[in-house]
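Engineer: My questions will all concern the structure given below.
The values are calculated or read from the model by the stated rules, or taken from the named source; none is laboratory data. Since the structure is predicted, the reported quantities are computational estimates derived from the model, not experimental observations. For neighbour counting, all protein chains shown are included, and Cβ atoms are generated from backbone atoms with ideal geometry for every residue, glycine included.
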Amino acid sequence: MIIKKNLLFILSFFFVTAFSQQRKQPVNLLVKEDYTHSFTKTIFPLLWSGFQREEVVSYDLQNQNVAVSYVQQKTKKIKTVLTLYIYPKKEIDNQLLRDEFYSYQYAINQNSNKGVDLKPSFGSISNENLKVNYIYSIFNNTLGQRDFFKGVKYVDKKSLLSIYECGGWGFKIRVSSDDMTEDQLKGLKEKAENYFGILNIASIKPLPIQGVPNTVLSPSIKRDSMMVNATIAASEAKIEWIKNHLDKKELLTGFSDMQIDSEVYATEKMIEFYKANQKNWKLHGDTQKYFSEMIRIAENGKIKDHIYEKFHKIINYPEGEAQQGNYTQFKIDKDVSEDTNEIFYKIFYKLD
């Protein structure tokens with residue numbers, strides 16, 4: 001078995017770091033003046049850009065993980081709610097930004113009476129020292145609100161979600177508005193990014209990029225040596241691509257793994273490893289099936305479409321939406337199963 005020693009090999013894919021002093025229930029902090037988040041020195045004033053601070057909610061006993069809400073009330077029925085989240089991270093992996101976005105999409109669909117499709121967009125903020133990448137979406141949704149007569153009344157909203165890679169700290173902006181346009185929501189996002197100091201937050205706990213990221217592997221690859229080693233080859237290719245294509249100031253804040261080319265490269269290297277070594281080990285039937293399907297995907301020029309589906313559309317591939325129908329038909333015609341969408345590894349840094 002060819003397992004590289006510089007990789008941390010853990011057969012437990014969904015690893016969770018628990019905060020030892022997490023609150024059982026969120027607590028509304030009673031703050032009557034400007035609130036300073038003591039760990040990042042971020043200041044949340046009582047009044048900001050026409051918004052009134054409504055509450056400061058803490059999720060842990062040390063008040064590291066907080067949400068600060070602002071309200072701009074124009075009339076009794078027209079308001080905009082802006083909520084800013086700061087939270088610590090014990091581990092950073094290349095799927096984290098995607099996972100947070102997908103989790104929010106799932107949650108908002110649970111609280112809406114209509115299906116909500118969050119189409120991701122991508123951006124960055126930078127200075128001479130750091131570059132923070134982020135994912136955001138502006139979307140329409142229908143939220144349930146308390147109503148004296150109906151119990152729950154559903155109201156149409158224009159909303160925004162933006163999630164940032166800030167090294168060992170997470171930052172998130174959420175907006176829900178009765179009257180703002182898409183351009184106004186973008187403007188509010190940019191104003192909040194600048195005022196609340198995204199780049200300053202990112203500078204507090206940069207990633208330890210002097211070391212090689214660790215790799216965590218899915219338990220499902222234990223079925224044979226080929227699957228283990230081909231997955232390691234893919235993870236090493238991912239690390240290589242990121243190192244060669246991202247600036248140092250970008251690597252300090254996160255893996256920035258939203259560029260589809262990094263996943264294409266890793267996928268190609270995984271298939272290449274299989275072809276070069278398929279006679280070296282006895283193969284499990286599921287491994288043979290997986291690689292025969294992946295080779296059909298590659299030989300038909302469908303790797304990007306495969307990745308787009310595999311990552312629930314949360315990757316930077318502008319042509320992906322238009323190709324979905326063709327790819328679905330391709331899978332039917334070429335007998336490609338959903339098993340090809342399984343994620344077998346993550347690369348990560350463990351932070352102090």
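Engineer: I want to confirm something. Restricting to the range 264-291 and keeping residues that are assigned to a loop (DSSP other than H, G, I, E, B) and among the hydrophobic types (A, V, I, L, M, F, W, C), which single residue is surrounded by the most Cβ atoms within 10 Å (Cβ to Cβ)?
Structural biologist: Among those residues, the one meeting the criterion is 283.
Engineer: State yes or no: is residue 242 within 22 Å of the chain's Cα centre (by Cα), crowded, with 20+ Cβ neighbours inside 10 Å and on the phi < 0 side of the Ramachandran plot?
Structural biologist: Here the answer is yes, as residue 242 does meet what is asked.
Engineer: If we scan the range 212-219, do we find a residue that is in a helix (DSSP H, G or I), in the same structural domain as residue 251 (by TED's automatic domain parsing) and of a type outside the set (D, E, K, R)?
Structural biologist: yes
Engineer: Another question about this same structure. Any residue that is outside any helix (DSSP H, G or I) and touching a residue at least 60 places away in the same chain (Cβ under 8 Å) - is there at least one of those in the range 189-202?
Structural biologist: Within the range 189-202, one or more residues are outside any helix (DSSP H, G or I) and touching a residue at least 60 places away in the same chain (Cβ under 8 Å).
Engineer: Kindly evaluate residue 75 against the criterion of being of a type in the set (Ser, Thr, Tyr), surrounded by 12 or more Cβ atoms within 10 Å (Cβ to Cβ) and closer than 27 Å to residue 179 by Cβ.
Structural biologist: It is false that residue 75 is of a type in the set (Ser, Thr, Tyr), surrounded by 12 or more Cβ atoms within 10 Å (Cβ to Cβ) and closer than 27 Å to residue 179 by Cβ.
Engineer: Does residue 201 qualify as being over 30 Å from residue 80 (Cβ atoms) and surrounded by 14 or more Cβ atoms within 10 Å (Cβ to Cβ)?
Structural biologist: no
Engineer: In the range 37-51, which residue that is part of a strand (DSSP E or B) and aliphatic (A, V, I, L, M) is nearest to the chain's Cα centre (by Cα)?
Structural biologist: 43
Engineer: Please state which one of 51, 14, 39, 44 is at pLDDT below 70 and at negative phi.
Structural biologist: None of the other options fit; the residue is 14.
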